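The next block holds one structure in the form of structure tokens; read it before the comments.
Read the figures in this text as sums done on the coordinates, not as results from a lab. No experiment lies behind these values; they were computed from the predicted model shown. With ideal geometry, Cβ positions are generated from the backbone for all residues, glycine too; neighbour counts draw on all protein chains shown.
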Amino acid sequence: MEEHRAAYCVMSGANLPCVLRVTTDFAYVRMHGPDHQHLYAGSHPDADLAWWAERTREWSLAGHDVYVYFNNDGNAHAVRNARILRTLLGESALPAGPNVRPP
């Protein structure tokens with residue numbers, strides 16, 4: 001993958017292997033949700049998000065852009081979890097749109 005500058009997708013989710021690997025100039029992480037019964041469900045605990053914030057900082061300090069995609073869509077967990085991660089990284093959260101309720 002490195003030879004072709006193809007990005008490896010780091011996965012985070014219950015029952016999924018999580019290999020921390022960056023193969024190009026950016027890291028790509030898909031947060032599938034921690035629910036052991038449903039792949040795209042559940043809200044990530046703050047402690048887990050803090051751990052991912054540290055990984056994000058490490059990759060960034062190593063010169064990588066970092067993209068984290070939350071798709072634990074049930075009950076708007078993805079939106080809340082993304083906002084918490086942004087806060088942990090010291091970035092302001094995105095404003096809520098008309099169809100998004102704050103946590």
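Below is a table of values for the structure above.
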quantity	calculated
Region 9-88, relative contact order in percent, only Cα pairs under 8 angstrom and at least six apart counted	31
Total formal charge among the other residues, if their Cβ is under 13 angstrom from that of residue 74, Lys/Arg +1 and Asp/Glu -1	-1
Backbone HN-Hα couplings from phi across region 15-22 [Karplus 6.51/-1.76/1.60, Hz, Gly and Pro as x]	6, 10, x, 10, 10, 7, 9, 10
Matching label, Cα extents along the principal axes in Å computed from the structure shown, candidates (i) 34, 25, 21; (ii) 43, 32, 24; (iii) 50, 22, 21	(ii)
Under the Karplus curve 6.51 cos²θ - 1.76 cosθ + 1.60, θ = phi - 60°, whole-Hz ³J(HN,Hα) for region 54-60, x wherever Gly or Pro sits	5, 4, 4, 4, 4, 5, 5
Table column - 3J(HN,Hα) (Hz), region 44-49, Karplus curve with 6.51, -1.76, 1.60, x for Gly and Pro	5, x, 4, 4, 5, 5
